[in-house]
Amino acid sequence: MEASVGHEGQLGNFDLDPTTEEQRTWTWIDFTALWVGMAHNIPTWLMAGSLIALGLNWWQATLIIALGNLIVLVPIILNSHPGTKYGIPFPVIARASFGIRGANLATIVRGGVAAIWFGIQLHVGAQAMVLILTRLSPGLAGLNRGMFLYQGGLDWICFIIFLGINLLVLLNGMAELRRFERWAAPSVLVLAVILFIWAWKTAGGLGPLVDAPPTQQINNLGEVLIKSLMSVIGFWATLSLNASDFTRFARSQRDQIIGQTLGMPTTMIVFSVLGVLTTSATAAIFGHVVWDAVVLVKQLPSTALVVVCLLAIVLATLSVNVPANLVSASYDISNLSPKRISMWRGAEITAVIATVIMPWRLLATAQGFVFDLLGTIAILLAPVAGILIADYWWVRRCELSLPDLYNPTGIYRYVGGVNPKAFLAVAFGILTSYSGHLLPSLQILSNMSWITGFLVAMITYAAMMGRESGVGAGRALQEP
């Protein structure tokens, strides 16, 4: 398998071409470390804490998080397989099902979501930097008196600096990123343990952590549980599409499967339990829930401890933001015009988008973060994940024509470069997910948004495409 398969055509470049054997060096340890770094981050803590803020108790929140991560692991593993087998990233894989040109829409949606997450992580890391600076030099807080687009001067300075650091990490390449993950990944776990121990002691033992009453009354527990489960799945809905961006560097299928299975659900559950119990304790300590770890760190008694924890937040945010969001969005944007947009240029465009969306506005409330943001992400991405799985595993039986994935006149041209059946399946999946907002009797379909969109799109696509043509499935749809 040569990288030149794509690079010589119109639809390839250095970053989108198949990886060579020399580039396939990632072991199961690297994938475990990658997931430890991506799971042990502040948005994970925010998700766990926000479930408590919505009124769930600690064991309900923990059960929802565990179940959600086990569910989303399945499409992550399945959509990782073609990346490892053929050495290609998500934007190229999507060409087989959506068409050479149609894949652009799928990657735009995925890239846009990645850019939003990139901005959220930038804001979290920047705020940690702000707190470090103001704790060490309180006079710097005066820079935040003037507001511009809902942020003060110091907020903007730290946001821009942290953005530059993220771009610098990416600039050093995927090999350096792998090494960075190995030692950066555990840092935020240390932070979580520190906050948990502090909350345990301050609240007066483990009892107040597990016996804390609900923070607010829930009128329909079943609906809240289902919506929360969909939001947990939506948290990693992006990686359920583009895990192949990383598994294309795997030495074998065994490495990516073992590494991701060990790294993803286990670390998410352990870290989330720490977040859930600590957030429960804040209700007893302060009389109200503090679900934001950055805000909670400010309550620690020692300046040195506060600074160390905040530095861990900055480091941990880097460890997830670059691989999970910046790399993914850069690949997706590069796919729009491979000859004109390199991965690095895609990263620059991502940086602009992440700033324009004003991510600090997206984290205003727990309900907005869990139901509005994560819920919307789940609805948009679930049908695409279902179609990718149906196309690769059912329609093509794990066989792709690598040269045709980079050929605008090849078998994945369909109709003008677009597979209309894939788009019909996406539309049907999204419409079904939203149906409960139009007809109250179908509300359960909307409450189970990710599962609804995923299954409906997958089954619809498989039924329309059939299973007879293998690699060349859809050839009959091509223009003469």
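The values are calculated or read from the model by the stated rules, or taken from the named source; none is laboratory data. Please read these numbers as outputs of a predicted model, since none were measured by experiment. Positions of Cβ are generated from backbone atoms using ideal geometry, with glycine treated the same way; all protein chains shown enter the neighbour counts.
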**helices (runs of 4 or more DSSP H) enclosed by segment 1-114 - at least 1 residues per element that are of a type in the set (Gly, Ala, Ser) and modelled with pLDDT of 95 or more** = 58-86, 90-98
**Asked** Among the residues of segment 408-439, how many are assigned to a helix (DSSP H, G or I) and either aliphatic (A, V, I, L, M) or more than 16 Å from Met464 (Cβ to Cβ) (or both)?
**Response** 13
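Yes/no per residue for (1) closer than 30 Å to Ile226 by Cβ; (2) free of Cβ contacts under 8 Å to residues at least 40 places away in the same chain; (3) of a type in the set (S, T, N, Q):
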{"position": "Thr32", "(1), (2), (3)": "no, no, yes"}
{"position": "Ala39", "(1), (2), (3)": "yes, no, no"}
{"position": "Leu56", "(1), (2), (3)": "yes, no, no"}
{"position": "Ile65", "(1), (2), (3)": "yes, no, no"}
{"position": "Val74", "(1), (2), (3)": "yes, yes, no"}
{"position": "Ala94", "(1), (2), (3)": "yes, no, no"}
**Message:** Looking at (1) crowded, with 17+ Cβ neighbours inside 10 Å; (2) part of a helix (DSSP H, G or I), which one does Gly139 not meet, given that it meets all the others?
**Reply:** (1)
**Request:** State whether one or more residues within segment 243-253 are in contact (Cβ under 8 Å) with a residue 24 or more places away in the chain, over 18 Å from the mean Cα position of the chain (by Cα) and part of a helix (DSSP H, G or I).
**Result:** yes
**Request:** Return yes when Pro89 is crowded, with 24+ Cβ neighbours inside 10 Å, touching a residue at least 24 places away in the same chain (Cβ under 8 Å) and farther than 26 Å from Val169 by Cα and no when it is not.
**Result:** no
**Prompt:** For Leu140, are the conditions met, namely being closer than 24 Å to Phe271 by Cβ and touching a helix residue (DSSP H, G or I) at 6+ places or on another chain (Cβ under 7 Å)?
**Reply:** no
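Listed here are the residues, each with its yes/no results for (1) under 25 Å from Pro138 (Cβ atoms); (2) aliphatic (A, V, I, L, M).
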{"site": "Ala284", "(1), (2)": "no, yes"}
{"site": "Val294", "(1), (2)": "yes, yes"}
{"site": "Val297", "(1), (2)": "yes, yes"}
{"site": "Pro301", "(1), (2)": "yes, no"}
{"site": "Cys309", "(1), (2)": "yes, no"}
{"site": "Ile313", "(1), (2)": "yes, yes"}
{"site": "Leu318", "(1), (2)": "no, yes"}
{"site": "Asn321", "(1), (2)": "no, no"}
{"site": "Ala324", "(1), (2)": "no, yes"}
**Message:** Out of everything in segment 71-103 that is over 17 Å from the mean Cα position of the chain (by Cα) and small (Gly, Ala, Ser), what residue ends up being nearest to Thr261 (Cα to Cα)?
**Reply:** Gly83
**Fill in**
Pairing a residue in segment 426-455 that is touching a residue at least 24 places away in the same chain (Cβ under 8 Å) with any residue that is part of a helix (DSSP H, G or I) and basic (Lys, Arg), where Cβ atoms lie under 6 Å and the two sit 6 or more apart in sequence or on different chains, gives Asn447/Lys227
**Message:** Could you check segment 444-453 and list, in sequence order, the residues that are in a helix (DSSP H, G or I), out of contact with any Asp or Glu (no Cβ under 8 Å at 6 or more places or on another chain) and over 30 Å from Ser337 (Cβ atoms)?
**Reply:** Ile444, Leu445, Ser446, Ser449, Trp450, Ile451, Thr452
**Message:** The conditions are (1) within 30 Å of Thr32 (Cβ to Cβ); (2) surrounded by fewer than 23 Cβ atoms within 10 Å (Cβ to Cβ); (3) of a type outside the set (Lys, Arg); (4) at pLDDT below 85, and Gly146 fails exactly one of them. Which is it?
**Reply:** (1)
**Message:** When you check Ile269 against the structure, is it in a helix (DSSP H, G or I) and within 30 Å of Tyr86 (Cβ to Cβ), yes or no?
**Reply:** no
**Prompt:** Given (1) under 12 Å from Val384 (Cα atoms); (2) within 16 Å of the chain's Cα centre (by Cα); (3) surrounded by 24 or more Cβ atoms within 10 Å (Cβ to Cβ); (4) aliphatic (A, V, I, L, M), where does Ala115 come up short, assuming only one miss?
**Reply:** (1)
**Item:** Number of the condition not met by Trp59 [criteria: (1) farther than 25 Å from Leu388 by Cα; (2) surrounded by 20 or more Cβ atoms within 10 Å (Cβ to Cβ)]
**Value:** (2)
**Prompt:** Can you name the number of the only condition in (1) modelled with pLDDT under 80; (2) under 24 Å from Gly83 (Cα atoms); (3) in a helix (DSSP H, G or I) that Val294 fails?
**Reply:** (2)
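Do the conditions hold for Gln256, that is, is it in contact with a strand residue (DSSP E or B) (Cβ under 7 Å, 6 or more places away or on another chain) and of a type in the set (S, T, N, Q)?
Yes; evaluated as a whole, the condition is true for this residue.
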**Prompt:** From the residues in segment 149-179 that are in a helix (DSSP H, G or I) and over 20 Å from Ala324 (Cα atoms), which one is modelled with the lowest pLDDT?
**Reply:** Gly153
**Asked** Which residue out of Tyr412, Tyr461, Tyr406 is buried (at least 23 other Cβ atoms within 10 Å of the Cβ) and more than 27 Å from the chain's Cα centre (by Cα)?
**Response** Tyr412
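Among the residues of segment 129-158, what is the count of those that are without any contact (Cβ under 8 Å) to a residue 24 or more places away in the chain and among the β-branched types (Val, Ile, Thr)?
2
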**Prompt:** Checking Pro359 against (1) at pLDDT below 80; (2) buried (at least 19 other Cβ atoms within 10 Å of the Cβ), which test does it fail?
**Reply:** (1)
